[in-house]
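Worksheet: the structure to be examined is printed underneath.
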């Protein structure tokens, strides 16, 4: 009897030692992995694309990293965002600017990746948007005093030194004597020409897939607005039409204007992707003072507000469904 008790007691001690050894091994292994992870990737960016399938462009240049000071600094912590996504975030930061100098500072950051685009946008700011004669003529076309004063205030105290430095970047890109090469190299018209060629060269039933691709790759709002212009023009002349949301229209929204709903969805997506659509921000100020929507925008409205107010309800409902598909690249 005493032998059996002693045997049970020894088994209990042995089992306890085995259990302690297993726990020590698990803890040690977990700790090693944690240390490895903390060395290899101290921060996981919330902006890193999921399952993009593309090899990321590692931005290791000190000049690039130092320049990235947007409102979302965590986006640059792991230095592994694709360059195109970094450009989009910098463009969005510029479009969200509420003053010309703030806008130029964002273009300075953009110049580390797209110097020609940054130079072009800086020149357009001076020659078009903030050109005082162009602003002062607005009242002749019925622009409300608040819109004129708002644009003047936006352009006030423009940093001329920074502006000149950005414009000088164009000197690094001499223009070709060939017209086609010159247009192709233009940071605004070049991508538009490529987009137009791509849309014209595919059958209508493939245009949705192409629009999804373009909408997620185009880097500035001007390119998405050109897509709207292309859609309007082709619809008016009876040429090739986008089939974006065509099935929704035929099944649920036969009374809606499909082209208008497509254009509204593209512009709403533009606001989400490249920013600048809130009151006082750059994209909104440009579009509203140029009467992109057929009239001057009411005070305090965003682009989304203006689209909602100027779109018939049934077109708006269809646009919302098309927008969801654009976000998620659903056919």
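Straightening the chain between residue 177 and residue 324 buys 48.5 nm, computed as 0.36 nm per residue apart minus the Cα-Cα spacing. By the beta-carbon count within 10 Å of each Cβ, the least crowded to most crowded order of 101, 274, fewest first, is 101, 274. The length gained on full extension between residue 209 and residue 250, counted as 0.36 nm times the residue separation minus their Cα-Cα distance, comes to 12.9 nm.
Residue separation of residue 165 and residue 123 scaled by 0.36 nm, minus their Cα-Cα distance, works out to 14.1 nm of gained length.
For segment 158-223, the fraction of alpha-carbon pairs lying more than 19 Å apart is 52 percent, rounded to a whole number. Calculated FRET efficiency, residue 186 to residue 309, Cβ-Cβ distance, R0 = 25 Å: about 0.15 to the nearest 0.05. Here the residues 177, 186, ranked from fewest to most Cβ neighbours within 10 Å of their Cβ, fall in the order 177, 186. Extending 7 Å from the Cα toward the beta-carbon at both residue 216 and residue 237 defines two label points whose distance is 3.1 nm.
Entry for segment 234-331 at q = 0.13, 0.16, 0.19 Å⁻¹: log10 I(q)/I(0) = -0.48, -0.70, -0.94, Debye formula applied to identical alpha-carbon scatterers, no solvent contribution. Ordered by the number of other Cβ atoms lying within 10 Å of each residue's own Cβ, fewest first, 243, 305 fall into the sequence 305, 243. Summarising the label geometry, the points placed 7 Å from Cα in the beta-carbon direction at residue 157 and residue 299 lie 2.2 nm from one another.
Since every read-out is calculated from the coordinates, none of them should be taken as a lab result. Keep in mind that this is a model prediction, so the values were computed, not measured. Glycine gets a Cβ as well: all are built from the backbone with ideal geometry, and neighbour counts include every protein chain shown.
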